[in-house]
Amino acid sequence: MCGIVGVTGKENATEILLNGLKKLEYRGYDSAGIYVNDQKGNGYLVKEKGRIEDLRAAVGPAVKGTTGIGHTRWATHGAPSQANAHPQASADGRFYLVHNGMIGNFRQLKQEYLADTKFVSETDTEVIVQLISHFVNEGMETKEAFTHVLSLIDKTSSYAFLLMDKTQTNTLFVAKKKSPLLIGVGDGFNVVCSDAMVMLSETHDFIELTDGDVVTVTPSAVEIEDKDGNQVERNQFHVDDDATASEKGAYDFFMLKEIDEQPAVIRGLQQTYIAQDGSIKVDKKLMDAMDKADRLYIVAAGTSYNAGLVGKNIFEKIAGIPTEVHIASEFGYNMPLLSEKPLFIFLTQSGETADSREVLAKVNELGYESLTITNVPNSTLSREATYTMLLNAGPEIAVASTKAYTAQIAAETILAKGLGMIKGTKQATEFDTGFELTKAANAIQSLVDQKDIVEDLAKKYLETTRNAFYIGRGIDYQTAIEAALKLKEVSYVQTEGFASGELKHGTISLIEDKTPVIAIITDQKTASLTRSNEQEVISRGANVINIVSENLATDGDQIVLPEVHQLLTPLAAIIPAQLLAYYTSKERGYDVDKPRNLAKSVTVE
């Protein structure tokens, strides 16, 4: 949620900020703003509710400078509005602050220090910038006041701060705790950003910050102090990603582009992690750690959690290791009784999910080993876990995850094969990972090439409905949960995924005339049972769409899936569900890539 950009030492600072904010749209936001200083004593603050296009339209030709900060805000404290948008300014107009995260004790700070200050917003961020101004007016220097305010913020809070002082025209003051923030290093200039991807047009070299760091950035220097006030140097890393990789091209929306990219993503994972002889090319230390574990704990949120449900089945069936799947936001504060030798797997597209980071911090405190499977190198979860496995799926811009989900399942399959071979399980010996993933990639390609069939079904059954249901059993139930999430998050159709056998235990009371019910049928053992459950809803007026494996298909089934290995049927079955969600949202006239109230990277708890 929310995104930060900053630059100092560039003549076209305004354009850099606006372009950076545009690339941060994937995180979700409802307002945006910039502050730019031209080094001649002129500062320009422009904020708008709505989209980056609205902000760009409000930025006149006079808004120019060489140093500036920008922000996309997703409303937490206070409704979406121009007043609540960032940057937030001090009452005297000297200080400007952008902030990701949440300040737990902002009300107490406001009451204790700022009782006489007039506030213009409802945000916790304004409290911080007003506090900085307060202490400067009491005689502190800007950096001293900034650091002092940080010391007053309670331990429950999270923040990534980027501050400008109008009297120090080429200086950016930076601090972080829990929320991600990077320094981008250039030649005669430097930048600050929430995500390296947004500044790849300016630099490919970045500095990763540690919680508690306070940084002073000028065009020629980056000075970092740790939480104890000691001067430190942090390691730089280089990002090779192509800055143009996140462009939509001929697609109306990124979501459809990313659906179409899934076969290539799976083939890329094969090339990276499977050798020509079929052996698994994964860090030996990681595989040894997994072999020593007596139980795997998959921790994730949202779509990644759903990928974990599929992964549990794959790990247990191929590698023969007990596996649990936990929602990160629950696990962090209600940790169950653990096994003697646990290994934790964190599934995350962004690598910045706050709920998962909270769990990882506790896992590290307990001294357990961990693996992060993520799409973003050098992300917080990647850096702080014991091991990392990268998805290499390319930027995923649409808020609704598609290719990261299938990539996570493919990655889990590769790991399960490697672990199973170490353990000598019969299932791993018989499972040809490269061959089966190739079949799955080919099946996905076949399905994305049949968009017109799915588009027609969306128009016929989902364009005007208020609610819908996905049903399935076993592995199909796991797919149904993710399929329902996709439809509800982008089209706002109230959708739930249910184990089809549970319909008669209460859910069937919700079936009305013409209620869409989408059945997923890929398992020979339960196919007839799900067919029987279909008849129960059909007799109550439901409109049924069948997504069925080729070997189980009958006349009248609308979507037939090419044959894939039983364990990998979720890779095929989810594709028509992704497309149904996409076309339903598009037909309803929504912004498919940016559904309301949602964010791509959830960086607050």
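Counted by neighbouring Cβ atoms within 10 Å, the residues TYR387, TYR333 run from fewest to most as TYR333, TYR387. Could you state the number of Å between the C-alpha centres of the stretch 150-178 and the stretch 392-444? For the stretch 392-444 versus the stretch 150-178, the Cα centre distance is 41 Å.
Annotation: amide H-H contacts under 5 Å for ASN105 (H modelled 1.01 Å from N, sequence separation of 5 or more, or interchain): ASP154. Round to the nearest 10 and give me the degree value, 0 to 90, for the angle of helix 475-491's Cα axis relative to the longest principal axis of the chain. Once rounded, the angle reads 40 degrees. Rounded to the nearest 20 debye, the dipole size of the stretch 511-571 about its Cα centre is 120 debye, using +1 on the Cβ of Lys and Arg and -1 on the Cβ of Asp and Glu. Using the average count of surrounding beta-carbon atoms within 10 Å as a protection proxy, the listed peptides 402-409, 433-440 rank, highest first, as 402-409, 433-440. Each Lys and Arg contributes +1 and each Asp and Glu -1, all at the Cβ; summed about the Cα centre of the stretch 56-147, the dipole is approximately 440 debye.
Computed extension length for VAL120-GLN566: 154.7 nm, one decimal, from 0.36 nm per residue of separation with the Cα-Cα distance subtracted.
With the alpha-carbon atoms of the stretch 3-238 aligned to their principal axes, the span from lowest to highest coordinate is 44, 41, 34 Å, starting with the largest. Each peptide in 221-234, 181-194, 416-429, 498-511 receives the mean, over its residues, of other Cβ atoms within 10 Å, and ordering these scores from highest gives 181-194, 416-429, 498-511, 221-234. Each peptide in 565-571, 286-292, 198-204, 150-156 receives the mean, over its residues, of other Cβ atoms within 10 Å, and ordering these scores from highest gives 565-571, 198-204, 286-292, 150-156.
Taking every Cα-Cα distance in the chain and sorting them into 10 Å bins from zero, the calculated P(r) comes out as 3, 17, 25, 24, 17, 10, 3, 0, 0 percent. Apply the Debye scattering formula to the stretch 450-588, with a single equal point scatterer on each alpha-carbon and no solvent, then give log10 I(q)/I(0) at q = 0.09, 0.18, 0.21 Å⁻¹. At q = 0.09, 0.18, 0.21 Å⁻¹ the computed log10 ratios are -0.22, -0.94, -1.32. Shown in residue order for the stretch 432-444 are the 3J(HN,Hα) couplings computed by the Karplus curve 6.51 cos²θ - 1.76 cosθ + 1.60 at θ = phi - 60°: 8, 4, x, 5, 5, 5, 5, 4, 5, 4, 5, 5, 4 Hz (x for Gly and Pro).
About its Cα centre, how strong a charge dipole does the stretch 248-446 have in debye, to the nearest 20, once Lys and Arg get +1 and Asp and Glu get -1 at the Cβ? Walk me through the numbers before you get to the answer.
Values: 19 positive and 24 negative charges, 69 e Å.
With only Lys, Arg, Asp and Glu charged at Cβ, the dipole is about 340 debye.
Couplings 3J(HN,Hα) for the stretch 112-122, derived from phi with the Karplus relation 6.51 cos²θ - 1.76 cosθ + 1.60 (θ = phi - 60°), are 6, 10, 10, 4, 9, 8, 8, 9, 10, 10, 9 Hz, where x marks Gly and Pro.
Between ASP205 and THR438, what FRET efficiency comes out of the Förster formula 1/(1 + (r/R0)^6) with R0 = 25 Å and r the beta carbon distance, rounded to 0.05? With R0 = 25 Å, the Cβ-Cβ based efficiency is 0.10. Residues whose amide H lies under 5 Å from that of LEU561, counting only those 5 or more places away or on a different chain, are VAL548, SER549, GLU550; hydrogens are built 1.01 Å from N in the peptide plane.
Plugging the Kirkwood radius over Cα pairs into Stokes-Einstein for the stretch 224-344, at a temperature of 4 °C and a viscosity of 1.567 mPa s, what D comes out in µm²/s? Write down the numbers at each step before the final one.
Details: Rh = 18.6 Å.
In µm²/s, the coefficient is 70.
Averaging over every viewing direction, what projected area does the convex hull of the Cα atoms of the stretch 140-264 cover, in nm²? Spell out each step's value before the answer.
On the way: hull surface 42.1 nm².
Projected area, direction-averaged: 10.5 nm².
Summary of the geometry: the stretch 481-511 and the stretch 287-313, compared by the centres of their Cα atoms, lie 25 Å apart.
Taking the number of other C-beta atoms within 10 Å as the exposure measure, put LYS312, LYS40, LYS586 in order starting with the fewest. Let's see the in-between values first.
Details: LYS312 17, LYS40 8, LYS586 21.
By the 10 Å Cβ count, ascending: LYS40, LYS312, LYS586.
This ranking places TYR461, TYR492 by how few other beta-carbon atoms lie within 10 Å of each, fewest first, which gives TYR492, TYR461. Considering only GLY472, VAL564, ALA553, the residue lying farthest towards the positive end of the dipole of the stretch 450-588 is GLY472, judged by Cα position with unit charges set on Cβ.
Entry note, the chain: relative contact order of 12 percent, from Cα contacts under 8 Å with a spacing of 6+ residues. The string of couplings for the stretch 52-58 from the Karplus curve (6.51, -1.76, 1.60, θ = phi - 60°) is 4, 4, 5, 5, 4, 5, 7 Hz, one whole number per residue in order, with x for Gly and Pro.
Once the Cα-Cα distance is subtracted from the 0.36 nm per residue extended length, the ARG295 to ALA57 segment shows a gain of 80.2 nm. Evaluate the Debye formula for the stretch 1-56 with equal point scatterers sitting on the alpha carbons, no solvent, and hand back log10 of I(q)/I(0) at q = 0.20, 0.24, 0.25, 0.28 Å⁻¹, in q order, two decimals. Log10 I(q)/I(0), no solvent term: -0.70, -0.96, -1.03, -1.21.
By how many nm would the segment from ASP283 to LYS40 lengthen if fully extended, with 0.36 nm per residue of separation less the alpha-carbon distance?
On the way: separation 243, 0.36 × 243 = 87.48 nm, distance 5.40 nm.
Extra length from ASP283 to LYS40 when fully extended: 82.1 nm.
Between the amide H of TRP74 and those of CYS2, ASP30, distances stay under 5 Å, these residues lying 5 or more places away or on another chain, with hydrogens modeled in the peptide plane.
We did not get these values from a lab; they are worked out from the coordinates using the rules stated. These numbers were taken from a predicted model, which means no experiment stands behind them. FYI the Cβ positions are ideal-geometry reconstructions off the backbone, even for glycines, and counts take in every protein chain you see.
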